[in-house]
Structures are given as C-alpha cells and as structure tokens.
Amino acid sequence: MAIITIQPSGRTVECASGDTVLTALERAGYALPNNCRAGACGECKVKVLAGSFDQGTVLDMALTADERAQGYGLMCMAKPLEGSLEIEWGAADARPKLFPPRENALFVVTDKRPLTPRVAELRLRPLGKPLRYWPGQYVMLGDPGAGIAPRAYSISNAPRPDGELVLQIARMEGGATSSWVHGALMPGDSVKLSGPYGTFIGDPAVDAPVLCLAAGTGLAPILALTEAAMRRGFRQPVMLVISARTRADVYGLGMLAWWRAKHRKFDYRIALTREAGGDGLSGRIGEVLPAIFADLSRHTVFAAGSPGFVASSVEAALRQGATPEAIFTEGFNARQRPTVVDDEHLLPGAEAS
C-alpha cells in the first residue's frame with residue numbers, strides 16, 4: 001500500500017500494491033485525463049514531485065527522455081515503489097468527480113441490432129447493482145477467457161434506473177473484439193464489463209451554448225451527453241454536427257429528430273464528405289463549420305471520433321473563436337486502431353477491437 005499525495009490540494013489517495021496511480025485516482029473519484037490506458041497517448045502525464053515509481057513500458061512519443069528527466073510520468077502505467085508518491089495535478093480545491101470503476105461487472109445482452117452496415121448496437125442489463133457513470137464515459141468489453149481482449153467502447157445513453165447500458169460498436173477489419181461482437185455475441189449471452197473510465201464528461205454547472213461534433217461511433221458519447229442535457233432541461237442552445245462519408249453511415253436519426261421536435265434548443269446538421277449533403281452540408285468539419293457558426297467564443301465544444309477527426313475539429317473550432325479551455329475531446333489513440341485511408345471518419349475502436 002502506498003499513499004499518493006496530490007499537490008497543490010494536499011489531498012491523499014491510497015494505492016493498493018500492484019495498482020497504477022491512475023487506477024488509484026479513479027477509485028477515489030479523481031478525473032485525471034486519460035485515453036489509451038496503455039502508455040501510448042500521453043494524456044495522463046503528470047510531474048512526480050517526490051517518491052519513486054515503476055514507469056512500465058511506454059512509447060517515447062508519449063513520454064520523451066527529456067520529460068522523464070524532468071520527473072514526468074504516465075500515470076496509466078506508473079506503479080509506486082515506495083510507501084508514498086507525490087504528484088502535481090489539479091488545483092488547490094481539487095475534488096473527486098468520478099465514480100470509482102468496477103471490474104468484471106456481470107451483464108446480460110438483452111438486444112442486438114444493426115445500425116449501419118458497419119455498426120451494431122448492444123443493449124445490456126446488469127445482474128447486480130447498476131454501474132454508476134457520467135454521460136460521456138466508456139467501459140471495457142471483451143472475453144479474455146476466450147482470447148477476446150477487452151476494448152474500450154463509449155456508453156451511448158444517459159444513466160437509467162434499470163442500469164441499462166447501450167453500446168454502439170463498429171466492426172473493424174481484422175479486429176477480434178468487434179468481430180466477436182458482430183458475429184458470435186447474441187442476445188441472452190452474459191458478458192463482463194469494467195468501468196466506467198474516461199473524462200469526456202463536461203461540467204453540468206456550465207451554462208453556455210454547446211456545439212457537439214461527431215464522426216463514426218464518436219456519436220455514442222455525444223448521444224449520452226445530449227440525452228442527459230435534454231433530460232435535465234438544459235436551457236442553452238445545443239447544436240450537433242455529424243460528419244460522415246455517406247448518408248448510409250449515419251445512424252440515430254429518429255432520436256435526433258425527436259429531440260429536435262421536443263426540445264426547442266436542440267438542433268442537428270449532417271455534413272457528408274463523399275456525397276451531396278441532404279441538408280446542404282458537404283465537406284469536412286473545417287469546411288462546413290464557418291457556415292454554421294461565425295463565432296464560437298461563448299460556446300462549449302465537444303468533439304468525438306477518430307484522432308484525425310478530433311484534431312481537425314479542434315482546429316476548426318479554434319479558428320471560429322472557441323477557447324481551448326472550453327473544448328472537450330474524445331478520440332482513441334493511434335496505437336488502438338488499424339490503419340485506413342480515410343482517417344477523419346475512422347470509427348473509434350481499439351487496435352484489435
């Protein structure tokens with residue numbers, strides 16, 4: 001057991017033997033940014049002020065030799081080697097935000113249906129206590145006993161009393177986990193989930209107009225965030241822009257149309273990159289965004305999809321006046337995905353998902 005001290009708040013967290021710093025922080029409810037959980041993306045990088053730790057195997061592009069020399073580490077892989085570790089992260093009033101994740105929570109697949117030729121939707125009900133999570137977070141799904149490695153999939157619905165979780169999973173070429181989901185996994189099967197994880201949760205206290213940008217199954221966490229906002233009566237305008245290759249790649253249109261009809265503050269647009277847009281938008285996000293918003297200086301922006309899509313979305317939002325601190329992103333790291341030609345619309349998933 002080690003004690004992790006977070007500075008400048010001075011708050012402490014217990015870290016069990018063998019656990020990573022990130023795991024300990026999450027169990028205590030702290031929202032340390034993270035994405036790949038494999039030492040590849042660098043989002044969980046913090047400076048270690050005191051104490052020694054085993055960094056584990058990480059990519060040089062995620063943690064450079066110079067950063068190591070300055071005392072930085074990747075907390076998703078770092079394990080304390082002594083009784084105490086002091087890290088620099090957060091503000092003086094840092095408070096827990098996340099629900100502690102659970103491992104191997106048992107669920108039953110109650111329904112499975114195709115949304116597009118490449119995306120299947122799973123509905124899962126818990127056999128025990130419902131999983132507590134924030135809209136925008138993800139879970140790990142797989143079957144290690146059968147050689148199916150767990151992969152990260154965003155929850156696409158806001159929390160419900162019955163604990164139902166909805167996952168939208170893209171079939172990835174050569175991906176063992178997504179092939180298992182699309183092929184072998186059937187309604188009535190039992191699965192184990194671990195989570196929730198991730199910090200793509202926004203701040204319920206923020207009262208500003210919202211712009212959501214999504215591509216592929218990056219739409220999943222955006223749907224959860226939007227559902228939660230509509231349910232609590234969010235008063236500010238919410239605009240969702242979906243980027244897709246063709247109309248056939250877009251799903252969820254029935255729910256989006258219902259939200260538009262029911263909530264005066266919600267609207268959505270579809271931008272197609274490989275065919276003419278039915279609502280007049282054709283082109284990538286950077287090309288169509290200026291036609292929708294001239295000024296994003298007051299907006300909170302959420303962008304989810306492939307790394308290429310997220311990067312281009314952030315650039316486009318900044319050009320329209322969005323402030324960096326008001327932009328939230330969710331995009332799986334390059335190590336977690338196969339190589340394809342059209343990176344902007346790569347459906348988020350793991351390397352072998």
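Between 191, 21, 119, where does the largest GNM mean-square fluctuation fall for the chain, given springs only between Cα atoms within less than 10 Å?
191
Mind running the shape call on the range 236-322? Use the C-alpha gyration tensor, a ≥ b ≥ c as the square roots of the eigenvalues: rounded below 1.5 for a/c, prolate if a/b tops b/c, oblate otherwise.
Oblate, since a/c reaches 1.5 and b/c is not below a/b.
Between 232, 151, 260, find the one with the highest GNM mean-square fluctuation for the chain; connect C-alpha pairs within less than 10 Å.
232
Using θ = phi - 60° and the Karplus form 6.51 cos²θ - 1.76 cosθ + 1.60, what ³J(HN,Hα) does each residue of the range 234-248 get, whole Hz, x for Gly and Pro?
The phi angles translate into 4, 8, 7, x, 10, 10, 10, 10, 9, 9, 8, 5, 9, 4, 5 Hz.
Set the Förster radius R0 to 45 Å, insert the Cβ-Cβ distance between residue 235 and residue 318 as r into 1/(1 + (r/R0)^6), and round the FRET efficiency to 0.05.
It comes out at approximately 0.95.
With springs connecting C-alpha atoms under 10 Å apart, model the chain as a Gaussian network and identify which of 317, 326, 40 has the largest mean-square fluctuation.
326
Roughly how many Å² is the accessible area per residue of the chain, as a whole number, for a 1.4 Å probe?
43
Between rounded, prolate and oblate, where does the chain land on the alpha carbon gyration tensor, with a ≥ b ≥ c its root eigenvalues, rounded for a/c under 1.5, else prolate if a/b exceeds b/c?
The shape class here is prolate.
Carbon and sulfur atoms: what percent of the 1.4 Å accessible area of the chain do they account for?
Ligands and nucleic acids excluded, carbon and sulfur give 51 percent.
For the range 126-249, what does the alpha-carbon gyration tensor say about shape, rounded, prolate or oblate, given a ≥ b ≥ c as the root eigenvalues, a/c under 1.5 as rounded, and a/b over b/c as prolate?
It is oblate, given that a/c is not under 1.5 and a/b is not larger than b/c.
Please list, in chain and number order, the residues 5+ apart from residue 31 or on another chain whose amide H is under 5 Å from its amide H, with Hs placed from the backbone.
Those lying under 5 Å, H to H, from residue 31 are 97, 98.
Taking 0.36 nm per residue of sequence separation and subtracting the Cα-Cα distance, how much length would be gained by fully extending the chain between residue 81 and residue 3, in nm to one decimal?
Additional length available on full extension: 27.0 nm.
Once you list every other residue whose beta carbon is under 10 Å from the beta carbon of residue 130, what net charge do they have if Lys and Arg are +1 and Asp and Glu are -1?
Local charge sum for residue 130: +2.
Report, for the chain, the % of DSSP beta bridges that are antiparallel, rounded to 5.
60
With +1 on each Lys and Arg Cβ and -1 on each Asp and Glu Cβ, and nothing else charged, work out how big the dipole of the chain is about its Cα centre, in Debye to the nearest 20.
Computed about the Cα centre, the dipole is about 1140 debye.
Considering only 71, 127, 148, whose Cα is most displaced toward the positive end of the charge dipole of the range 70-164, charges sitting on Cβ of Lys, Arg (+1) and Asp, Glu (-1)?
Ranked along the dipole, the leading option is 127.
The values are calculated or read from the model by the stated rules, or taken from the named source; none is laboratory data. Remember, it's a predicted structure, so these values are computed and weren't measured experimentally. Every residue, glycine as well, gets a Cβ built from its backbone with ideal geometry; the counts of neighbours run over all protein chains shown. These accessible areas exclude ligands, DNA and RNA; they are computed on the full protein's heavy atoms, side chains included. Shrake-Rupley method; radii C 1.70, N 1.55, O 1.52, S 1.80 Å.
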